[in-house]
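Presented below is the structure to which this report refers.
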Amino acid sequence: MKHQSKLPNVGTTIFSVMSALANKHNAINLSQGFPNFNSDQKLIDLVSQAMNSGYNQYAPMPGNLELREAIATKMDMLYKSSYNPKSEITITAGATQAIYTIISAFIRQNDEVIIFRPAYDCYEPAIAVNGGKTISVQLNAPDYKVDWEGVASQFSNKTKMIIVNTPQNPSGSLFSEADLLALQNLTQNTNCIVLSDEVYEHIIFDGLEHQSVCKFSDLKSRSFITASFGKTFHNTGWKVGYCCAPKNLMEEFRKVHQFNVFSVNSPTQKALAEYLNEPKYYLELSPFYQEKRDLFLGLIKDSRFNFKPSKGTYFQVLDFSEITQENDVDFAKRLTIEHGIASIPLSFFNDNNKDDKVLRFCFAKTDDTIKQAAAILNRI
């Protein structure tokens with residue numbers, strides 16, 4: 001049987017490659033973005049309680065209403081932004097599903113979508129599957145700042161969507177208020193939709209504030225926000241997230257969502273609805289992860305790696321240009337095989353695999369794991 005692939009240039013993700021290599025060589029795995037510690041036992045107990053209370057059948061297509069109401073309360077408290085829980089919030093099977101569904105609902109053949117590189121790897125394939133064209137704007141190490149004049153030069157009447165990610169994976173950078181105002185100005189009075197991937201909204205350091213698109217009223221009117229409970233509450237395998245958008249946009253989202261997912265895990269939604277009633281569970285995340293970032297960087301400050309401290313996410317980018325001129329993929333593999341520590345080479349996320357001699361390390365790990373990893377890096 002012969003067929004023509006819709007994604008002929010897509011292979012196994014770098015996350016799978018590096019994790020498999022880490023497993024094969026029994027290396028400390030700081031490549032893939034998941035914690036190696038447990039979720040809060042209270043939340044796990046709430047899931048079990050929900051199962052034992054009969055929440056085992058289909059949830060409503062848009063999601064458990066109690067959970068949507070809890071999200072609406074959170075958005076209003078954090079960002080002074082109002083979303084109708086019945087018509088403007090939908091529970092999804094993780095943020096990646098939300099992103100794919102948004103793109104599927106709006107992108108047609110030859111529509112252009114602007115993304116900022118280094119970019120998380122789920123954006124471009126979703127654009128391609130739906131017939132769209134990715135327009136890449138490359139951000140440069142070590143600051144990963146946006147040149148908005150350069151973005152404007154790529155913007156045209158063919159631009160159907162702009163995807164932003166703040167805090168940004170893999171770079172650990174943030175969009176500032178000025179960045180969001182520039183984005184608002186660029187897209188004002190256009191038909192361009194903004195997809196704002198905000199899965200790390202609760203992991204921001206050094207007193208900085210998350211600039212959500214919903215804080216800017218005109219920008220909010222054309223924007224989707226995607227978010228992830230897995231990233232927030234240390235349970236990435238549960239695959240539960242959500243998206244928020246104005247009613248007219250959410251109506252189109254749900255037309256696709258009802259057929260590619262229909263509904264999301266019911267007992268988990270019930271548990272999360274109750275868990276969100278205590279804001280401390282997400283408000284305490286930034287200091288929790290800043291301690292881990294600071295531990296990691298403090299331990300490797302005298303190593304041969306150079307760095308600027310991550311501003312958000314649980315990832316830290318390290319510059320190895322003073323150690324070797326190998327390309328980043330080869331160096332990452334050598335670190336895994338010869339030294340027993342796995343990371344992610346950023347060239348995979350860059351335009352034309354641009355190699356800035358940097359690797360991404362995940363510090364969402366126990367302190368013991370962080371100390372072991374730092375000891376290895378100090379020997380290189």
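The values are calculated or read from the model by the stated rules, or taken from the named source; none is laboratory data. Remember, predicted model here, so these are calculated numbers, not experimental data. Glycine gets a Cβ as well: all are built from the backbone with ideal geometry, and neighbour counts include every protein chain shown.
Working carefully through the options 296, 307, find the one that is crowded, with 20+ Cβ neighbours inside 10 Å and at negative phi. Result: 296 is the single residue among 296, 307 that is crowded, with 20+ Cβ neighbours inside 10 Å and at negative phi. Of the residues making up segment 18-44, those that are within 24 Å of the chain's Cα centre (by Cα) and crowded, with 20+ Cβ neighbours inside 10 Å are 18, 22, 28, 29, 30, 31, 33, 35, 43. When residues in segment 336-373 are screened for being within 25 Å of residue 144 (Cα to Cα) and part of a helix (DSSP H, G or I), 7 of them pass. In summary, helices (runs of 4 or more DSSP H) completely within segment 74-186 and bearing 1 or more residues that are buried (at least 17 other Cβ atoms within 10 Å of the Cβ), modelled with pLDDT of 95 or more and acidic (Asp, Glu) occur at 123-129. With respect to residue 47, is the statement that it is over 26 Å from residue 129 (Cα atoms) and within 26 Å of the chain's Cα centre (by Cα) true? Yes. Inclusion of residue 42 among residues that are at pLDDT 95 or above and either part of a helix (DSSP H, G or I) or closer than 30 Å to residue 364 by Cβ (or both) is warranted.
Looking only at residues in segment 160-190 that are of a type outside the set (D, E, K, R) and under 15 Å from residue 102 (Cα atoms), the one that is nearest to the chain's Cα centre (by Cα) is 165. On the given criteria, is residue 47 in a helix (DSSP H, G or I) and touching a residue at least 24 places away in the same chain (Cβ under 8 Å)? Criteria met by residue 47.
Based on this model, can you work out whether residue 308 counts as assigned to a loop (DSSP other than H, G, I, E, B) and either modelled with pLDDT of 95 or more or of a type in the set (Val, Ile, Thr) (or both)? Answer is yes for this residue.
Residues in segment 340-352: is at least one among the charged types (D, E, K, R), at negative phi and in contact with a Ser or Thr (Cβ under 6 Å, 6 or more places away or on another chain)? Yes.
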